[in-house]
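Visitor: Take a look at this one; I'll ask things after.
The values are calculated or read from the model by the stated rules, or taken from the named source; none is laboratory data. Note that the structure is predicted; figures quoted are calculated from it, not measured. Please note: Cβ atoms are built from the backbone with ideal geometry, for glycine as well, and neighbour counts cover all protein chains shown.
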Amino acid sequence: MKTPIDQLPPWLSQAVSAQEAGDSPTLALTGEDAKPYLTDWRKRYSGKALAVVFPRTTAALQSIVKACVTNGVAMVPQGGNTGLVGGAVGDLQGDGSNTLIINTSRLRETAVVDSANRTLSVSAGYTLLEVQQLAEQAGLYFPLSLASEGTCTIGGNLATNAGGTAVLRYGNTRELTLGLQAVMPDGALLDSLTGLRKNNTGYDLRHLLIGAEGTLGIISTVTLRLFAKPKTTLTAWLGVNDAQQAVGALNSLLDRFDAQLTAFEWMQQDALMLVLRHFGGQLPVAAQTAGHALVELSSPHADSRLAEAFESWAQDALQGNLAQDCAIAQNLEQAKQMWALRENISEAQAREGLNVKHDVSLPVSSIPGFLDVNLPRLQQMCPGIRPVIFGHLGDGNLHYNFSCPAGEDSRTFLASMESVINEAVLNDVQNFGGSVSAEHGIGLLKRDLLPRYKDATAIAVMKSVKRALDPLNLMNPGKVL
């Protein structure tokens, strides 16, 4: 239910009513109606705010930001509220009277495809699924794909530099973005909404906003790269003994197929057993292996050469001890079933209770060594701990999660062991040249860890940028830094 303007603080009602003309009113929610927007996706954080506002135009967004600056009110940018690190929650310390959540999910004033330039300019409020559909309607392809794509917004994808399953072939959101428009912390409009692939005119300011998690401004419109739609896609499943064998199979596939290799997802057997327990189904291969890999290849050609080439590779891989078993999806339904096994891991683990999560990245070559060192360490520290390990092995991103020993209470386990496990994991990640956040960001969850695991000079530069652009510290304060 929309909150009447006269129930809002006068300064906010003026900012909202200033943009109420025409068919683009700004929605504002308070009280019970606002509650769904005050708690993060994982239910770890619940904040407070004086209201949640939903601007529908960039002009309305500017008006609200300027009013917040004038009145010294903190702003929390929010998209689909699907983040996993608490980056879009309100005031956790006070009563929320000095915090406004600005949700951009209704910001949908622009959606323009330039087929000849292979770009899409679209407002921040469009969901990722809608962006994919807009590209498809133009006969083109936008490759970013996430489990939350029906809910997450493209503005939030940029703000967190989202990754997903196709980074191996197409890169993170950063690599898919040519330009953007954003409302800066003082209300000024940064207009870098270019579709240029070459624009060597000084600092490339889009990269400050991408991955900044709303701490340096609010993205309102983006220009994205589009690609030729694959005419042939092949999905296959490999049974592998361990991470070392999986890395060998990955590099062999890259040698043989190069850019045709779209995805290479690796999962330990224990993770898949949870999926089978909670969702049913069966594994695509008969071999009993400790690990599995989901492989996707694509081609712009509508012929059978890709399948023939992969079958030839698979024969060589089995003979060369790069895999223990292989199954190729024979139709779209079988491919969907393979992907469902991978995509249901997180939900299956959630049904087992709360768990310790890590979203880390490592050089692909270092992943087997990291696992050889860290897993035994954790199993010695926490006898009976249940690892649930999977991720985008092709780009070095592991979702390195742990459930409590069977029969123990998960909340009690997290209270006593989460910080100990975190330290053991992240110290080894750093020792192996990795990052404590691969694709989920920093937000609140990893804010206090960042100074321990990121270069001190880099932290100092980040703080200098924040002070320069947001001297009043009103734009998503307390997140990241």
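Visitor: Could we say that Leu134 is hydrophobic (A, V, I, L, M, F, W, C) and either under 19 Å from the mean Cα position of the chain (by Cα) or at pLDDT below 95 (or both) here? Break it down stepwise before answering.
Guide: On the way: hydrophobic (A, V, I, L, M, F, W, C): yes; either under 19 Å from the mean Cα position of the chain (by Cα) or at pLDDT below 95 (or both): no.
Answer is no for this residue.
Visitor: Shifting gears a bit: Check every one of the strands (runs of 3 or more DSSP E) wholly within the range 182-300 and list those with 3 or more residues that are over 30 Å from Trp313 (Cα atoms) and in contact (Cβ under 8 Å) with a residue 60 or more places away in the chain.
Guide: Working: elements: 189-192, 218-225, 232-240, 261-268, 291-299.
Correct list: 218-225.
Visitor: Also: If you go through the range 412-419 one residue at a time, do you hit one that is under 18 Å from Leu208 (Cβ atoms) and either among the charged types (D, E, K, R) or under 24 Å from the mean Cα position of the chain (by Cα) (or both)?
Guide: Here is the first cut: in the range 412-419, the ones under 18 Å from Leu208 (Cβ atoms) are none.
No, that holds for no residue.
Visitor: Follow-up. Looking only at the range 222-274, how many residues end up being out of contact with any strand residue (DSSP E or B) (no Cβ under 9 Å at 6 or more places or on another chain) and among the hydroxyl-bearing types (Ser, Thr, Tyr)?
Guide: Residues that pass the stated criteria total 1.
Visitor: Pick from the range 397-437 the residues that are touching a Pro at 6+ places or on another chain (Cβ under 8 Å) and not in a strand (DSSP E or B): which of them is farthest from Ala246 (Cα to Cα)?
Guide: Per the stated criteria, the residue is Phe413.
Visitor: In the range 352-368, what residues are of a type in the set (Gly, Ala, Ser) and buried (at least 16 other Cβ atoms within 10 Å of the Cβ)? Quick ask: steps written out before the conclusion?
Guide: If we filter the range 352-368 for residues that are of a type in the set (Gly, Ala, Ser), which is where we start, we get 353, 361, 365-366.
Listed by number, the residues that qualify are Ser361, Ser366.
Visitor: Which number in (1) more than 21 Å from the chain's Cα centre (by Cα); (2) in contact (Cβ under 8 Å) with a residue 24 or more places away in the chain; (3) more than 19 Å from Gln269 (Cβ to Cβ); (4) part of a helix (DSSP H, G or I) marks the one condition that Pro368 misses?
Guide: Evaluating Pro368 over (1) more than 21 Å from the chain's Cα centre (by Cα); (2) in contact (Cβ under 8 Å) with a residue 24 or more places away in the chain; (3) more than 19 Å from Gln269 (Cβ to Cβ); (4) part of a helix (DSSP H, G or I) leaves (3) as the failure.
Visitor: Turning to a different aspect of this structure: Being among the hydrophobic types (A, V, I, L, M, F, W, C) and buried (at least 18 other Cβ atoms within 10 Å of the Cβ) is the filter; apply it to the range 97-127 and report the residue that is farthest from Ala67 (Cα to Cα). Before you say what the answer is, go through the steps one by one.
Guide: Taking the range 97-127 as the starting set, the residues that turn out to be among the hydrophobic types (A, V, I, L, M, F, W, C) are 100-102, 107, 111-113, 116, 120, 122, 124.
Now drop any that are not buried (at least 18 other Cβ atoms within 10 Å of the Cβ), which leaves 100-102, 107, 113, 120, 122, 124.
Details: Leu100: 11, Ile101: 13, Ile102: 12, Leu107: 18, Val113: 33, Leu120: 31, Val122: 26, Ala124: 21 Å.
That would be Val113.
Visitor: Please specify each residue of the range 321-355 satisfying the condition of being part of a loop (DSSP other than H, G, I, E, B) and without any contact (Cβ under 8 Å) to a residue 24 or more places away in the chain.
Guide: Filtering the range 321-355 down to residues part of a loop (DSSP other than H, G, I, E, B) leaves 321-324, 329-331, 344, 351-354.
Correct list: Gln330, Asn331.
Visitor: So, one more: Is it true that some residue in the range 460-467 is under 30 Å from Ile218 (Cα atoms) and surrounded by 17 or more Cβ atoms within 10 Å (Cβ to Cβ)? Walk me through it before giving the result.
Guide: Filtering the range 460-467 down to residues under 30 Å from Ile218 (Cα atoms) leaves 460-467.
Applying the additional criterion that residues be surrounded by 17 or more Cβ atoms within 10 Å (Cβ to Cβ) yields 462, 466.
Yes, there is a match, as at least one residue in the range 460-467 is under 30 Å from Ile218 (Cα atoms) and surrounded by 17 or more Cβ atoms within 10 Å (Cβ to Cβ).
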